[in-house]
Amino acid sequence: MKTFTPDSSIASDVIPSANYGDRNKGRQADMIVLHYTGMPDVEGAIAELCTAGTEVSAHYIVLEDGRIVQCVPESKRAWHAGVSCWAGEEDINSCSIGVEIINRGHDWGYPDFPLRQIAAVIALCRGIMLRRNVPAHRVLAHSDVAPARKKDPGEKFPWHSLANSGVGHWVQPAPIVRSEALKLGSISDDVAGLQAALARYGYNVPTSGKFDGATMEVVTAFQRHFRPERVDGIADHSTMTTLHALLSSLPADATQAATTVAVK
């Protein structure tokens with residue numbers, strides 16, 4: 001790709017990626033997916049996202065010092081989400097803007113995200129939300145849309161700080177207390193209710209009534225984003241209370257859309 005004018009006024013550089021395409025069926029982006037790069041150095045991460053043949057890219061990269069690099073125009077389809085699903089939609093790349101945040105990730109020590117970097121992520125996302133009319137509840141983690149494969153940006157990512165600035169959907173997590181819990185191997189109507197609630201929010205989980213491995217992966221992804229104090233894949237009282245508080249605070253049209261998907 002030749003160089004292009006950045007969509008965001010706060011992007012300091014353009015490093016065009018060779019890996020992109022057109023959005024399928026004329027789909028417009030109405031979602032933001034946040035990632036971490038998960039590589040030990042910045043140069044390697046940028047090369048991975050921009051070099052032909054790697055088959056991966058993102059619209060933006062946010063560096064640790066707060067600088068923002070744009071690699072793919074927002075109008076184009078970057079290759080960041082992979083096999084993924086949200087609210088019944090399986091081509092996440094066609095409906096989203098992908099933002100890669102420089103962080104070594106779980107496999108390389110998983111450092112904290114610097115404050116300057118988070119401030120840049122917030123400013124970038126606020127601009128995208130305004131330009132693309134992205135609702136707050138459609139600012140998501142890579143692990144939300146691909147819970148079986150991904151952990152990023154992970155439980156250290158300060159979603160509460162983003163929400164305080166109008167980016168993302170958040171409620172204060174319910175406190176962790178001793179309680180009955182649903183976990184791997186549980187089979188009951190309560191498990192079916194949990195699965196239905198997760199699907200209503202947008203997660204890709206069947207309503208089988210059996211707490212299987214796939215359900216545990218989705219519960220784990222939910223906790224990484226919305227109840228990061230304890231990420232164990234067990235649906236305790238805190239997890240379920242937080243989930244229902246999130247559902248209650250969704251816009252009515254978002255809840256209805258998710259409900260329709262879950263019933264299909």
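The values are calculated or read from the model by the stated rules, or taken from the named source; none is laboratory data. This structure is a prediction, so every number in the text was calculated from the model and none was measured. Methodologically, a virtual Cβ is constructed for each residue, glycine included, from the backbone with ideal geometry; neighbour enumeration extends over all protein chains shown. In case anyone asks, the SASA skips ligands and DNA or RNA and just uses the protein heavy atoms, side chains included. Shrake-Rupley method; radii C 1.70, N 1.55, O 1.52, S 1.80 Å.
The stretch between S12 and D30 holds 4.1 nm of extra length on full extension. This uses 0.36 nm per residue minus the Cα-Cα distance. Distance cut-off 32 Å, Cα to Cα: go down the list K76/K210; K25/K210; K25/K183; K76/K156; K25/K156 and report the pairs above it. Checking Cα-Cα distances, K76/K210; K25/K210; K25/K183; K25/K156 exceed 32 Å.
So how much slack lies between V83 and D112, counting 0.36 nm per residue of separation and subtracting their Cα-Cα distance, in nm? Before the final figure, lay out the partial values.
Values: separation 29, 0.36 × 29 = 10.44 nm, distance 2.72 nm.
Full-extension gain reported as 7.7 nm.
Find how much the distance from S249 to R67 grows on full extension, using 0.36 nm per residue of separation minus their present alpha carbon separation; answer in nm with one decimal. Don't jump to the answer; show the numbers that get you there.
On the way: separation 182, 0.36 × 182 = 65.52 nm, distance 3.33 nm.
Between S249 and R67, full extension yields an extra 62.2 nm.
List every DSSP H helix in the chain whose Cα atoms extend 24 Å or more along the helix's own long axis and whose mean Kyte-Doolittle hydropathy is at least -0.5.
Details: long enough: 115-132 (25 Å, 0.94).
Membrane-span-like by this rule: 115-132.
In this structure the amide hydrogen of A141, modeled in the peptide plane, comes within under 5 Å of the amide hydrogens of L34, none closer than 5 places in sequence on its chain.
Structural descriptor for the chain: relative contact order 18 percent, calculated from alpha carbon pairs under 8 angstrom and at least 6 residues apart. Whole-Hz Karplus values for region 104-109 come out as 5, x, 4, 7, 10, x Hz, taken residue by residue from phi with 6.51 cos²θ - 1.76 cosθ + 1.60 and θ = phi - 60°; glycine and proline positions read x. Ordering S57, A120, A29 by Cα displacement along the dipole of the chain toward the positive end leaves A29 in first place; charges were set at the Cβ atoms of Lys, Arg (+1) and Asp, Glu (-1). Here the accessible area of region 1-143 is 52 percent carbon and sulfur, with a 1.4 angstrom probe and all protein chains present.
With the contact rule set at Cα under 8 Å and sequence spacing of 6 or more, what percent relative contact order holds for region 1-57? Intermediate results must be reported in sequence, preceding the final value.
Working: 41 pairs, mean separation 21.8, N = 57.
In percent, rounded to a whole number, it is 38.
The trypsin sites (Lys or Arg not before Pro) of region 137-182 meeting both criteria, a DSSP state outside H, G, I, E and B (loop) and at most 16 other C-beta atoms within 10 angstrom of the site's C-beta, are R149, K156, R178.
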